[in-house]
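Visitor: Sharing a structure below in structure tokens format, with a few things to ask.
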Amino acid sequence: MYLLYSLRLAIQSLWREKWINLLSVLTIAAGLFMITLTFFVVYNIDLATKRLPARFSVMLYLNDGLSEQEAGSIIAQLKKNNAVEQARYIAKDKALEELKGVLKNADYILEGMDENPLPASIEIKLKKESVNIAGVKKVAAEIKKIKGIAEVEYGEQFLNSIHSIKGMAKAGSLSLIIIMSAGVIFVCYSTIKIAFYRRKEEIETFKLLGATRGFIRAPFVIEGSVLGISGGIASAAAAFVFYYVLFYKVTAAIPILKILVFPFETFPALPVAGLLLGIGGAVIALGRIRFS
Amino acid sequence: MIHFSNVTKFYERQAAIKNVTFSIEKGEMVFMTGPSGAGKSTLLKIIYLSEKPDEGSVTIAEWDLSKLKESSIPFLRRNIGVVFQDFRLLDNRNVFDNVAIALRIRGMLDSEIQDWVMEILKMVNLRHKADSFPQALSGGEQQRVVIARAIVGEPTILLADEPTGNLDTDTAAGITRLFKEINARGTTVVIATHNRELYRNTGRRVFRIDSGNIVGEEIG
């Protein structure tokens, strides 16, 4: 059918304007690579915040002179709370021991103290779904009402900061991804629009000979697809170079960066995204084809 | 086959054709003659749907143009072969491809196109020029390529706008013979021309057009 012919026309046109098209492909690749980098940053921020619930704990400091039995009763009450995953009692002596472990060689700080100044406490881990500002605040307020608890501490500021960083990163990256995608579509749009105007006379003749919209559009949509998918493949290659350099070269010098994770699904997704954006740009460029 | 009823077409408030009514039957060969700017080309443009009439009704091969959906226009155009005054040949394609495009548009396979196009090129005596590009052809040869492209899809109507415009007498006579052959196969042929030699002694109907009106009808 005419698809083969359209393919031939598209290839001829792409070849005829190879340098302009190469420039378009590189621009599309740059845009998609920027989107990849943004996605990489957001992906890692998201991973970090997902790991947060496992590390997050709420400390409950108990009133002085509370017996272990009374502490046990507090733990029993805590476990009735749906948000609580586990609760661990830390006796005064154990708290001091743990502090000495943390201070290591600096334990001279504690010298001269006659009495253990640390209170007995309970460390509670919350369920994953409750580790958010609202959830933690609610649990803290409920716990505070339990008799025998002197103070509740959960690093409110830290939690607020993490969540606002995550929110800002998400909003910023989404805006950047939208802007860059619009940029890629615009590049495809301009390239196809130029190609369309260059062949305007030929297209008018095609129309007069009885060509359908599909016949007229097909070569341009193929051109847009080729530009998009080529840009996608080029950006995937650039992403691979970035991955290789970061994870095999840079991490050797800065080992902490090993905690970063590269989303491998990006590699096949880039040509697909390029293809879709290329088709989108071409379709917008062609607009509505009129016959009279 | 072609029916115009009180058709008027304006260009910037100026009527290019005014209240024109005529009918052309299936298998007829008719001529439209008149001076430049008389409205001959506008009439043909309305037939091949390049222009819409502002008033009146037009029926082409049972299709009422006022009720025709835009998406159906290509399919009606495939029934109409046009020999354009300005040829509209594709300069970056050879003779074969210029003719074959009319079949490609119809979705024909390359294997079918090859034989059919060569057959038509033989008919217009251009088989040996199949690989030539339009710029390398004479005016008469270019005209025959346009005719080949117009008839290759076996249209029911063939329109020709000043087909012998810049051709010498012998070449023009050859082109006229070709139109008669095509008409003899049952195709309705409408030729717009100001060249009297083209329709003299043909025994066909000739519409005389002036200032957008049909001012007379005679037998050539």
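Visitor: Based on the Cα coordinates of the protein assembly as shown, what is the per residue volume of their convex hull in Å³?
Guide: So the per-residue Cα hull volume is 221 Å³.
Visitor: What's the total accessible area buried between chains A and B, using a 1.4 Å probe, rounded to the nearest 100 Å²?
Guide: Looking at A and B, the buried total is near 2200 Å².
Visitor: To check you understand DSSP bridge types, tell me what percent of the beta bridges within the protein assembly as shown (both residues inside) are antiparallel, rounded to 5.
Guide: On the way: 35 of 52 bridges.
So the antiparallel bridges in the protein assembly as shown amount to around 65 percent.
Visitor: Given a Förster distance of 45 Å, report the FRET efficiency between residue B:64 and residue B:127 from their Cβ-Cβ distance, rounded to the nearest 0.05.
Guide: After rounding to 0.05, the efficiency reads 0.65.
Visitor: Test of understanding: express the Cα radius of gyration of the stretch B:8-115 as a ratio to 2.2 N^0.38 Å, with N the residue count.
Guide: Output field value: 1.25.
Visitor: What is the total of Lys pairs in the stretch B:1-157 with C-alpha atoms under 23 Å apart, excluding same-chain pairs fewer than 8 positions apart?
Guide: 19
Visitor: Could you compute the FRET efficiency for residue A:63 and residue A:245, with r as their C-beta to C-beta distance and R0 at 60 Å, rounded to 0.05?
Guide: So, using R0 = 60 Å, E works out to roughly 0.60.
Visitor: Hey, another quick one. What does the accessible area per residue of the stretch B:164-220 come to in Å², with a 1.4 Å probe and no ligands, DNA or RNA counted?
Guide: Counting only protein heavy atoms, the per-residue value for the stretch B:164-220 is 53 Å².
Visitor: Ok, one more. On average, how much area does the Cα convex hull of the stretch A:191-292 cover when viewed from any direction, in nm²?
Guide: 7.7 nm²
Visitor: Can you give me the distance in nm between label points at residue A:70 and residue A:165, each placed 7 Å from the Cα along the Cα-to-Cβ direction?
Guide: Result: 4.0 nm between the two label points.
Visitor: Take the alpha carbon gyration tensor of the stretch B:57-203, find the square roots of its eigenvalues, order them as a ≥ b ≥ c, and report rounded if a/c is under 1.5; if not, report prolate when a/b exceeds b/c, else oblate.
Guide: Since a/c reaches 1.5 but b/c is at least a/b, the shape of the stretch B:57-203 is classed as oblate.
Visitor: Let me ask something additional. Rounded to two decimal places and with Rh computed the Kirkwood way over Cα pairs, what is Rg over Rh for chain A?
Guide: 1.27
Visitor: Check the straight Cα-Cα distances from residue A:94 and name the lysines below 20 Å, setting aside those fewer than 8 residues away within the same chain.
Guide: A:104, A:125
Visitor: State to the nearest 20 debye the size of the charge dipole of the protein assembly as shown about its Cα centre, where the only charges are +1 on K and R beta carbons and -1 on D and E beta carbons.
Guide: In total the dipole reaches around 640 debye.
Visitor: To make sure I understand the rule: partners must be lysines, Cα under 17 Å from the Cα of residue A:92, and not fewer than 8 residues away in the same chain. Which ones qualify?
Guide: A:100
Visitor: Okay, next question. Picking from B:219, B:109, B:169, whose Cα lies most toward the positive end of the charge dipole for the stretch B:64-220 (charges on Cβ: Lys, Arg +1; Asp, Glu -1)?
Guide: B:219
Visitor: On a straight-distance basis, which lysines could pair with residue A:127 in a cross-link, Cα separation under 17 angstrom, same-chain partners fewer than 8 positions away excluded?
Guide: A:50, A:79, A:80, A:137, A:138
Visitor: How much of the accessible area of the stretch B:63-220, probe 1.4 Å, is carbon plus sulfur, in whole percent?
Guide: Carbon-and-sulfur percentage of accessible area, whole number: 43.
Visitor: Dipole of the protein assembly as shown (Lys/Arg Cβ +1, Asp/Glu Cβ -1, origin at the Cα centre): which of A:191, B:195, A:19 lies farthest to the positive side?
Guide: Comparing the listed Cα positions along the dipole, B:195 ranks first.
Visitor: Between the chain alone and the structure with every protein chain in place, find the residues of the stretch A:181-211 that drop at least 30 Å² of accessible area; heavy atoms, 1.4 Å probe.
Guide: Checking the loss per residue gives A:202, A:205, A:206, A:208, A:209, A:210.
The values are calculated or read from the model by the stated rules, or taken from the named source; none is laboratory data. Small disclaimer: the values here were computed from a predicted structure and weren't measured. Don't worry about glycine lacking a Cβ; one is built from the backbone with ideal geometry, like all the others, and counts go over all protein chains shown. For accessibility, only protein heavy atoms count, side chains too; no ligands or nucleic acids. Shrake-Rupley method; radii C 1.70, N 1.55, O 1.52, S 1.80 Å.
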